[in-house]
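Structure, as structure tokens:
The values are calculated or read from the model by the stated rules, or taken from the named source; none is laboratory data. Every value quoted in this text rests on a predicted model; they were computed, and no experiment measured them. For neighbour counting, all protein chains shown are included, and Cβ atoms are generated from backbone atoms with ideal geometry for every residue, glycine included. Accessible surface areas use protein heavy atoms only, side chains included; no ligands, DNA or RNA. Shrake-Rupley method; radii C 1.70, N 1.55, O 1.52, S 1.80 Å.
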Number of protein chains: 2
Amino acid sequence: VGASDTPVTYADIAAAAERLAPVLVATPLLSAPTIDALCGARILVKAEMLQRTGSFKVRGAYNRLVQLNADERRRGVVAFSSGNHAQAVAWAARSLAVPAAIVMPKRAPAIKAERTRGYGAEVVLFEGDRVAMEAYARLLAAERQATLVPPFDDPRIIAGQGTLGIEIAAQARAAGATPDVVVVPCSGGGLVGGTAIALRRDLPSAQVYAVEPEGYDDLARSLAAGTRLANAPGAHSICDALLVPSPGELTFAINRRLLAGSLAVADRHAERAMAVLFNHLKIVAEPGGAIALGAVLGGAIDVRGKTVVVVASGGNVDAALFARILGDHSAA
Amino acid sequence: VGASDTPVTYADIAAAAERLAPVLVATPLLSAPTIDALCGARILVKAEMLQRTGSFKVRGAYNRLVQLNADERRRGVVAFSSGNHAQAVAWAARSLAVPAAIVMPKRAPAIKAERTRGYGAEVVLFEGDRVAMEAYARLLAAERQATLVPPFDDPRIIAGQGTLGIEIAAQARAAGATPDVVVVPCSGGGLVGGTAIALRRDLPSAQVYAVEPEGYDDLARSLAAGTRLANAPGAHSICDALLVPSPGELTFAINRRLLAGSLAVADRHAERAMAVLFNHLKIVAEPGGAIALGAVLGGAIDVRGKTVVVVASGGNVDAALFARILGDHSAA
């Protein structure tokens, strides 16, 4: 397999890692014997909720913004997001003194808009569905001659997210572990795709799986069909960070080539994983952030006796929801 | 000030750090602009709940147990603790294949005994006060010709805890920060004392403060009196990890010489700090683990404009209590 058979190369990711090292957190790879016992496997948790803004999204956002030229920086950026990407772009923009406008759905939790404003971004509340919101963000960017920063379908975003793979491989090696399986939460597929590109070189023996919420398993069905399919309307999931309508174009080109598969997981397993991460690793995961561990705990994949890296991708969850989930899963 | 004016030297701590590096977590030094804004200072949080067993205690426990000779290892160890030290000794004992018996109060939460057993230790439940429990543990150790591993008043325990100071200084340097103040939760004083010894060399410009719960401010009053004083009976605090009756002998000899002071903090500030750490850093602190940040948030010390390292020392808290606190401090 050649180096340029994907829209993002290992060299792109290695270059991103150098850009990110001075500003981001080298999040730890954590483990607990109690979690190993629950899973019948050696589990290493990449604790990405400890990343700036509470999710991995800032890897891609910063890698995109830091490559703007002086003129582009002055004109600013526009992004559309209901959550983690919004905060990530706002954070990266402030770090680089770039003006940022983030289009967010009017119905999004007030705290998310508030935090995005807290990082210094202008928040534009929009009423309408995701497709209309994206179209509006494109118009706004054109109007302002600003750069649109998409959440996943962009080579520099994917390269930034892929830095997670370089870190995982290095940290597993330092821990004396050779992972057989790496399990990654998936919305648009940028994180799992970028990670897979990095691991193909740094940990070629590992199988990389995406994990999606039940009802939002567009990648799993697209992989089976060999072409991009959309989710049926009307599904519900607690994993608000993972509710993308269909795989990205660039990300699907990567993921169909490099992934071992995509696992669909019910909300209750993601919730239980949140309680397990609270009890045994003392970290706060949001539902979508915990779903990869949920896949293992719920038996969506057989990992008995294996060494497994589980990516915990974010921790932006409201206190009331977190408290409710701890109460419902008190035996975790 | 000479190198041997305290019962533990910098060299003891540096040697401990080399012993611990292969087995423990290099816990990150985390920050968030939102916490800086709340405190009016640059705040760096040493996230020690991410340490093995969920608290710093394993640093001292492992440093003690790894120095047992072959004969002592065979005969095993005994410890007495209601909480974090119990789990830490159990974990270290299992890592080194040393038999361990832990004397725990019968009234301690069932989950703590269960976790200690989960690490493979024998748990001996004891009915009676702390003084009686310690006496019983000494008898048990003598009977079995086992080594007693005290929670703080032991040079090798203090040296192990002091490795936190070496890490803090190195990580602050890497972050381009020169801390003015380091704030450390205090029960028997081993963590703050060991840390102060390390920082005297590695970060001599920093003032080191202990933090105690109101009603358990034996160190603050002992420092004022110049001699060890006990707490009055009948006090209550939610900070179950910090309820020691009086300063240790060795630890007080260190702390009276090296600390800038000890701050007494009300439970509500520790609770609010737990909510702040949840919301803005996505980490789980127990009440005693969050009290150093509580001291800053509650104004027990004026840190405006300064750079402050806050040690978050542990995260072993029941889900029900954690959920209650998140509910009570929803504006954090």
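Considering only residues that are farther than 21 Å from A:LEU199 by Cβ and out of contact with any strand residue (DSSP E or B) (no Cβ under 8 Å at 6 or more places or on another chain), look in the stretch A:288-309 and name the one that is surrounded by the most Cβ atoms within 10 Å (Cβ to Cβ).
A:LEU297
Consider the stretch B:263-280. How many of its residues are open to solvent by 10 Å² or more (accessible area, probe 1.4 Å), within 14 Å of chain A (Cβ to nearest Cβ) and in contact with a Leu (Cβ under 7 Å, 6 or more places away or on another chain)?
Result for the stretch B:263-280: 1.
Is it the case that some residue within the stretch A:190-202 is open to solvent by 10 Å² or more (accessible area, probe 1.4 Å) and more than 30 Å from A:ALA174 (Cβ to Cβ)?
Checking the stretch A:190-202: not a single residue is open to solvent by 10 Å² or more (accessible area, probe 1.4 Å) and more than 30 Å from A:ALA174 (Cβ to Cβ).
Using the structure shown, decide if B:ALA332 is small (Gly, Ala, Ser) and at the interface with another protein chain (Cβ under 10 Å from one of its Cβ atoms).
Yes; evaluated as a whole, the condition is true for this residue.
Tell me which residues, restricted to the stretch A:120-132, are assigned to a loop (DSSP other than H, G, I, E, B) and crowded, with 17+ Cβ neighbours inside 10 Å.
Result: A:ALA121, single match.
As an exercise: evaluate A:GLU72 against (1) among the charged types (D, E, K, R); (2) open to solvent by 10 Å² or more (accessible area, probe 1.4 Å); (3) within 14 Å of chain B (Cβ to nearest Cβ) and give the number of the one condition it does not meet.
A:GLU72 satisfies every listed condition except (3).
Would you mind stating whether A:ALA312 is within 14 Å of chain B (Cβ to nearest Cβ), open to solvent by 50 Å² or more (accessible area, probe 1.4 Å) and at negative phi?
No.
Quick one: what pairs do we get from the stretch B:160-173, first residue more than 21 Å from B:ARG64 (Cβ to Cβ), second aliphatic (A, V, I, L, M) and open to solvent by 10 Å² or more (accessible area, probe 1.4 Å), C-beta under 8 Å, 6+ apart or different chains?
B:ILE168/B:LEU29; B:ILE168/B:LEU203; B:ALA169/B:LEU203; B:GLN171/B:LEU29; B:ALA172/B:LEU29; B:ALA172/B:LEU203
Inspect all residues belonging to the stretch B:219-233 and state whether any of them is crowded, with 17+ Cβ neighbours inside 10 Å, within 24 Å of B:GLY315 (Cβ to Cβ), in contact with a strand residue (DSSP E or B) (Cβ under 9 Å, 6 or more places away or on another chain) and not hydrophobic (A, V, I, L, M, F, W, C).
no
Spot the failing condition for B:ARG117; the list is (1) under 26 Å from B:ALA290 (Cβ atoms); (2) assigned to a helix (DSSP H, G or I), and only one is missed.
(1)
Out of A:GLY294, A:GLY234, report the one residue that is without any contact (Cβ under 8 Å) to a residue 40 or more places away in the chain and either more than 14 Å from every other protein chain (Cβ to nearest Cβ) or touching a helix residue (DSSP H, G or I) at 6+ places or on another chain (Cβ under 6 Å) (or both).
So the residue among A:GLY294, A:GLY234 that is without any contact (Cβ under 8 Å) to a residue 40 or more places away in the chain and either more than 14 Å from every other protein chain (Cβ to nearest Cβ) or touching a helix residue (DSSP H, G or I) at 6+ places or on another chain (Cβ under 6 Å) (or both) is A:GLY234.
Which numbered condition trips up A:LEU30, out of (1) open to solvent by 40 Å² or more (accessible area, probe 1.4 Å); (2) within 30 Å of B:GLN87 (Cα to Cα); (3) of a type in the set (A, V, I, L, M, F, W, C)?
It is condition (1) that A:LEU30 fails.
Condition first: within 10 Å of another protein chain (Cβ to nearest Cβ) and not β-branched (Val, Ile, Thr). Can you find one or more residues in the stretch B:299-306 that meet it?
The answer is no, given that none of the residues of the stretch B:299-306 is within 10 Å of another protein chain (Cβ to nearest Cβ) and not β-branched (Val, Ile, Thr).
Can you pull out every residue in the stretch B:22-32 that is within 11 Å of chain A (Cβ to nearest Cβ) and closer than 26 Å to B:LEU277 by Cβ?
B:VAL23, B:VAL25, B:ALA26, B:THR27, B:PRO28, B:LEU29, B:LEU30, B:SER31, B:ALA32
May I ask you to list the residues in the stretch B:90-114 that are away from chain A (no Cβ under 14 Å), on the phi < 0 side of the Ramachandran plot and not in a helix (DSSP H, G or I)?
B:LEU96, B:VAL98, B:PRO99, B:ALA100, B:ALA101, B:ILE102, B:VAL103, B:MET104, B:PRO105, B:LYS106, B:ARG107, B:ALA108
State which residue is nearest to the chain's Cα centre (by Cα) when the search covers only the stretch B:82-114 and only residues that are open to solvent by 10 Å² or more (accessible area, probe 1.4 Å) and in contact (Cβ under 8 Å) with a residue 60 or more places away in the chain.
Only one residue tops the list, namely B:ASN84.
Just to be sure, is B:LYS46 under 22 Å from A:ASN279 (Cα atoms) and in contact with a Leu (Cβ under 8 Å, 6 or more places away or on another chain)?
Criteria met by B:LYS46.
Of (1) under 25 Å from A:ARG115 (Cα atoms); (2) out of contact with any Ser or Thr (no Cβ under 7 Å at 6 or more places or on another chain); (3) of a type in the set (Val, Ile, Thr), B:ILE301 satisfies all except one. Which?
In the conditions (1) under 25 Å from A:ARG115 (Cα atoms); (2) out of contact with any Ser or Thr (no Cβ under 7 Å at 6 or more places or on another chain); (3) of a type in the set (Val, Ile, Thr), B:ILE301 misses (1) alone.
Within 8 Å of chain B (Cβ to nearest Cβ) and within 15 Å of A:VAL184 (Cα to Cα) - does that describe any residue in the stretch A:315-323?
yes
Conditions: (1) in contact with a Cys (Cβ under 9 Å, 6 or more places away or on another chain); (2) not in a helix (DSSP H, G or I). A:VAL192 meets all but one. Number of the miss?
Just one mismatch for A:VAL192, condition (2).
So that you can scan it fast, the table gives a plain yes or no per residue for (1) at pLDDT below 95; (2) closer than 29 Å to B:LYS46 by Cβ:
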position: B:ARG130; (1), (2): yes, yes
position: B:ARG138; (1), (2): no, no
position: B:ALA142; (1), (2): no, no
position: B:THR147; (1), (2): no, no
position: B:PRO155; (1), (2): no, yes
position: B:ALA169; (1), (2): no, yes
position: B:ALA172; (1), (2): no, yes
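Every residue in the stretch B:77-112 that is touching a Leu at 6+ places or on another chain (Cβ under 7 Å) and closer than 24 Å to A:SER330 by Cβ, please.
Of everything in the stretch B:77-112, those that are touching a Leu at 6+ places or on another chain (Cβ under 7 Å) and closer than 24 Å to A:SER330 by Cβ turn out to be B:MET104, B:LYS106.
Here are some residues: A:THR34, A:THR27. Which one is within 17 Å of B:VAL25 (Cα to Cα) and in contact with a His (Cβ under 6 Å, 6 or more places away or on another chain)?
The unique qualifying residue is A:THR34.
Scan the stretch B:33-43 for residues that are on the phi < 0 side of the Ramachandran plot and either surrounded by fewer than 24 Cβ atoms within 10 Å (Cβ to Cβ) or away from chain A (no Cβ under 12 Å) (or both) and jot them down.
Matches in the stretch B:33-43: B:PRO33, B:THR34, B:ASP36, B:ALA37, B:LEU38, B:CYS39, B:ALA41, B:ARG42, B:ILE43.
Could you check B:SER205 against (1) assigned to a loop (DSSP other than H, G, I, E, B); (2) free of Cβ contacts under 8 Å to residues at least 40 places away in the same chain; (3) over 25 Å from B:VAL45 (Cα atoms) and say which number it fails?
With (1) assigned to a loop (DSSP other than H, G, I, E, B); (2) free of Cβ contacts under 8 Å to residues at least 40 places away in the same chain; (3) over 25 Å from B:VAL45 (Cα atoms) applied to B:SER205, the lone miss is (3).
Quick one: count up the residues across the stretch A:156-189 that are among the hydroxyl-bearing types (Ser, Thr, Tyr) and surrounded by 24 or more Cβ atoms within 10 Å (Cβ to Cβ).
Residues meeting the conditions: 2.
So if I check each of B:ALA172, B:ALA135, which one is over 15 Å from B:THR27 (Cα atoms) and either in a helix (DSSP H, G or I) or more than 15 Å from the chain's Cα centre (by Cα) (or both)?
Sole residue among the options that is over 15 Å from B:THR27 (Cα atoms) and either in a helix (DSSP H, G or I) or more than 15 Å from the chain's Cα centre (by Cα) (or both): B:ALA135.
Kindly list the number of the only condition in (1) within 12 Å of chain A (Cβ to nearest Cβ); (2) in a loop (DSSP other than H, G, I, E, B); (3) surrounded by 16 or more Cβ atoms within 10 Å (Cβ to Cβ) that fails for B:VAL8.
Here B:VAL8 meets the rest and fails (1).
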